[in-house]
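Colleague: Have a look at the structure that comes next, please.
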Amino acid sequence: MTTLEKESTKKTGVKKADPVVHFELPAEDRNRIAKFYTGAFGWQTQMLGEDMGNYVVATTTSDVDKNGKPEKVSMINGGFYTKDDKMPTQYPSVVISVDDIKESMNKIAKAGGKVIGEPMEIPGIGKQVSFFDTEGNRLSILEPTMEMKEKAE
């Protein structure tokens, strides 16, 4: 939680909301999707290797800090994952940052959602798991590593 969020919580007594921090879109051809979003919207893309599932990182703003985090609060970055017949629920998704992934998984279930599998470790980023909301939309939650949490503050 940033200093500003801590001060706001003290003043209002309201706990901070968990923010949307990332988006993901499925792609059949990672080169084609990177070319499309670069050409249509000017996004920068970075192709990751097989060890990262051939993921494509999408940077949607050039206004980023030294760690690659958007400087404007309303902006997020994202990425593209390769479609795979072995993976269910390959839809566009948003990623919500949470303080405790296990606690949030319990809250999702209690609220009527369905967690899909177990958290996956993303090296240098944190733990991530997908879920369905009550309307069948697939989203994900991310518990950032301590290093990522410190960078956010």
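The values are calculated or read from the model by the stated rules, or taken from the named source; none is laboratory data. All figures in this text were calculated on a predicted structure; none of them were measured in a lab. Positions of Cβ are backbone-derived with ideal geometry, glycine not excepted, and every protein chain shown enters the neighbour counts.
Colleague: If you scan region 76-110, which residues turn out to be among the β-branched types (Val, Ile, Thr), assigned to a loop (DSSP other than H, G, I, E, B) and out of contact with any helix residue (DSSP H, G or I) (no Cβ under 6 Å at 6 or more places or on another chain)?
Modeller: Start the filter on region 76-110 by keeping residues that are among the β-branched types (Val, Ile, Thr), which leaves 76, 82, 89, 94-96, 98, 101, 108.
When the remaining residues are screened for being assigned to a loop (DSSP other than H, G, I, E, B), the result is 76, 89, 98.
Scanning region 76-110 gives Ile76, Thr89.
Colleague: What pairs come out if I take residues in region 112-126 that are part of a loop (DSSP other than H, G, I, E, B) and pair them with residues that are exposed (fewer than 14 other Cβ atoms within 10 Å of the Cβ) whose C-beta lies under 7 Å away, six or more apart or interchain?
Modeller: Short answer, once both residue conditions are applied: Gly112/Thr134; Gly113/Asp133; Gly113/Thr134.
Colleague: Could you list, in sequence order, the residues of region 89-110 that are within 15 Å of Gly136 (Cα to Cα), surrounded by fewer than 19 Cβ atoms within 10 Å (Cβ to Cβ) and at pLDDT 90 or above? Working first, answer last.
Modeller: Within region 89-110, the first condition is being within 15 Å of Gly136 (Cα to Cα), and the residues that meet it are 89-94, 108-109.
If we keep only those that are surrounded by fewer than 19 Cβ atoms within 10 Å (Cβ to Cβ) too, we end up with 89-92, 94, 109.
Answer for region 89-110, where residues must be within 15 Å of Gly136 (Cα to Cα), surrounded by fewer than 19 Cβ atoms within 10 Å (Cβ to Cβ) and at pLDDT 90 or above: just Ala109.
Colleague: Can you tell me which residues in region 101-129 are of a type in the set (D, E, K, R) and closer than 19 Å to Val20 by Cβ? I'd like the intermediate steps shown before the answer.
Modeller: Going through region 101-129, the residues of a type in the set (D, E, K, R) turn out to be 102-103, 107, 110, 114, 118, 121, 127.
Selection gives Glu103, Lys107, Lys127.
Colleague: Here's something else I'd like to know. Within region 4-49, count every residue that is at pLDDT 85 or above, part of a helix (DSSP H, G or I), surrounded by 14 or more Cβ atoms within 10 Å (Cβ to Cβ) and not aromatic (Phe, Trp, Tyr).
Modeller: Residues meeting the conditions: 3.
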